[in-house]
1. Filter region 186-217 down to the residues that are within 19 Å of the chain's Cα centre (by Cα), closer than 16 Å to Q230 by Cβ and aliphatic (A, V, I, L, M), then identify the one that is surrounded by the most Cβ atoms within 10 Å (Cβ to Cβ).
2. Of all the residues that make up region 264-292, how many are among the β-branched types (V, I, T) and surrounded by 14 or more Cβ atoms within 10 Å (Cβ to Cβ)?
3. Which one of these is closer than 17 Å to G42 by Cβ, modelled with pLDDT under 95, touching a Pro at 6+ places or on another chain (Cβ under 7 Å) and not in a loop (DSSP other than H, G, I, E, B): A255, A171?
4. Within region 161-191, which residues are under 18 Å from T246 (Cα atoms) and in contact with a strand residue (DSSP E or B) (Cβ under 8 Å, 6 or more places away or on another chain)?
5. Going by the conditions given, is L238 part of a helix (DSSP H, G or I) and under 28 Å from S165 (Cβ atoms)?
6. Looking at region 284-296, can you tell me whether even one residue there is farther than 17 Å from L132 by Cβ, part of a strand (DSSP E or B), out of contact with any helix residue (DSSP H, G or I) (no Cβ under 6 Å at 6 or more places or on another chain) and polar (S, T, N, Q)?
7. Tally up the residues in region 116-136 that are at positive phi and surrounded by fewer than 15 Cβ atoms within 10 Å (Cβ to Cβ), please.
8. Return the residue satisfying two criteria in turn: it lies in region 71-82 and is touching a strand residue (DSSP E or B) at 6+ places or on another chain (Cβ under 9 Å) and surrounded by fewer than 13 Cβ atoms within 10 Å (Cβ to Cβ), and of such residues it is nearest to P59 (Cα to Cα).
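The values are calculated or read from the model by the stated rules, or taken from the named source; none is laboratory data. Just so it is clear, the structure is predicted and the values come from calculations on it, not from any experiment. Reconstructed Cβ throughout: ideal geometry from the backbone, glycine too, with neighbour counts over all protein chains shown.
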Amino acid sequence: MSRRSVSILVVSILLLIGARAEAAPRSLPALDDRDCQPVCAGACVKPIVVPDRWDDVNPIAGHEAWARNGRYDVESFEDGNGNGFWDPGEPYDDTNANGQRDQEAYHPALTGYVPDPVPGNVLAPEGDLGRLIRLRPNADQKPAPSHYWSAALPPVNKGAPERGSRAYRDALERCVPFLVEGGDLVELEPGAMGQATADGLRALYAQDPGAAWDPVTRQVVGSRLDPDRQVRVVLLILADPRIAPTSGRTTVQVAKIAAFFFEAPSPDGEVSGRFLKVRSVPLPCSCTCEHAVSFQRDCR
């Protein structure tokens with residue numbers, strides 16, 4: 001073999017080794033919270049809404065049927081100012097005759113999903129990092145007729161929502177630059193959107209099928225993408241459960257933005273995801289959030 005042929009062979013081998021090294025699976029680095037600040041807004045948020053957790057476990061005297069029914073329950077009231085919440089002085093129906101208005105408890109840090117342990121959050125004493133939850137309800141779990149927690153972005157208080165299945169799938173598959181933050185009002189998209197959801201998430205899944213959640217290290221492993229290009233790590237909206245959707249075009253209020261690693265969609269289109277903490281670029285926003293409820297951190 002000539003010297004030139006040997007040189008070409010060596011270069012080819014080195015290039016092959018380099019290509020294999022580049023494609024080798026990798027893990028997302030663990031997030032160190034030291035000197036990290038909470039980030040309360042998100043861009044590139046996917047148009048899927050998840051109701052934040054409320055206390056659906058502890059029964060209320062006279063309303064025992066409320067517990068564990070999967071629905072936020074409250075004694076009916078007259079919403080005089082139209083803000084969706086009961087305010088002192090608004091008439092209510094005291095159905096258990098205890099002299100006070102009853103509702104299931106909700107607090108973003110004390111009942112809601114949190115990445116780390118929060119004193120007083122007895123629903124998740126160890127925090128929710130890695131918790132697997134369903135991201136899309138089935139027909140029996142939808143919050144109102146024709147609604148499956150699909151969103152039309154941007155928030156209605158920041159512009160005209162882009163409606164329809166094409167805009168919805170586009171927001172699933174690529175980054176749409178709408179800023180979403182706590183307190184925003186987001187319009188729900190009527191209709192199942194099941195096929196658009198399955199197709200959009202499968203397209204993302206196909207870009208990095210080897211990535212998986214490691215319950216021991218509590219991080220994503222096996223990815224072939226750089227940490228800042230993780231297509232299966234997405235930002236989703238956690239909604240305030242006290243504002244229940246109604247049929248037709250309706251709005252819900254954003255409680256917080258959460259990071260998820262979504263698992264492989266099932267054949268029937270069911271999608272589940274695991275809570276993560278992620279590094280994020282801080283964005284200009286009008287809201288403030290507690291460190292305890294932030295799934296995004298600015299760690300510079």
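1. My answer is L201.
2. If we filter region 264-292 for residues that are among the β-branched types (V, I, T), which is where we start, we get 271, 278, 281, 288.
Filter once more, so that each one left must be surrounded by 14 or more Cβ atoms within 10 Å (Cβ to Cβ): 271, 278.
Here the count works out to 2.
3. Values: A255 fails: modelled with pLDDT under 95.
It is A171.
4. Our first condition is that a residue be under 18 Å from T246 (Cα atoms); within region 161-191, this holds for 161, 163, 184-191.
Once the filter is applied, which keeps residues that are under 18 Å from T246 (Cα atoms) and in contact with a strand residue (DSSP E or B) (Cβ under 8 Å, 6 or more places away or on another chain), region 161-191 yields P161, R163, D184, L185, V186, E187, L188, E189, G191.
5. Values: part of a helix (DSSP H, G or I): no; under 28 Å from S165 (Cβ atoms): yes.
So L238 fails the test.
6. Let us first name the residues in region 284-296 that are farther than 17 Å from L132 by Cβ, namely 284-294, 296.
With part of a strand (DSSP E or B) added as a condition, the list becomes 296.
Add one more test, that the residue is out of contact with any helix residue (DSSP H, G or I) (no Cβ under 6 Å at 6 or more places or on another chain), and what stays is 296.
With polar (S, T, N, Q) added as a condition, the list becomes 296.
So far as region 284-296 goes, yes, one or more of its residues are farther than 17 Å from L132 by Cβ, part of a strand (DSSP E or B), out of contact with any helix residue (DSSP H, G or I) (no Cβ under 6 Å at 6 or more places or on another chain) and polar (S, T, N, Q).
7. Within region 116-136, the first condition is being at positive phi, and the residues that meet it are 120, 127, 130.
Subset that is surrounded by fewer than 15 Cβ atoms within 10 Å (Cβ to Cβ): 120.
Qualifying residue count for the region: 1.
8. First, the residues of region 71-82 that are touching a strand residue (DSSP E or B) at 6+ places or on another chain (Cβ under 9 Å): 72-78.
So of that shortlist, the ones also surrounded by fewer than 13 Cβ atoms within 10 Å (Cβ to Cβ) come out as 76, 78.
Numbers: S76: 18, E78: 24 Å.
Out of the qualifying residues, it is S76.
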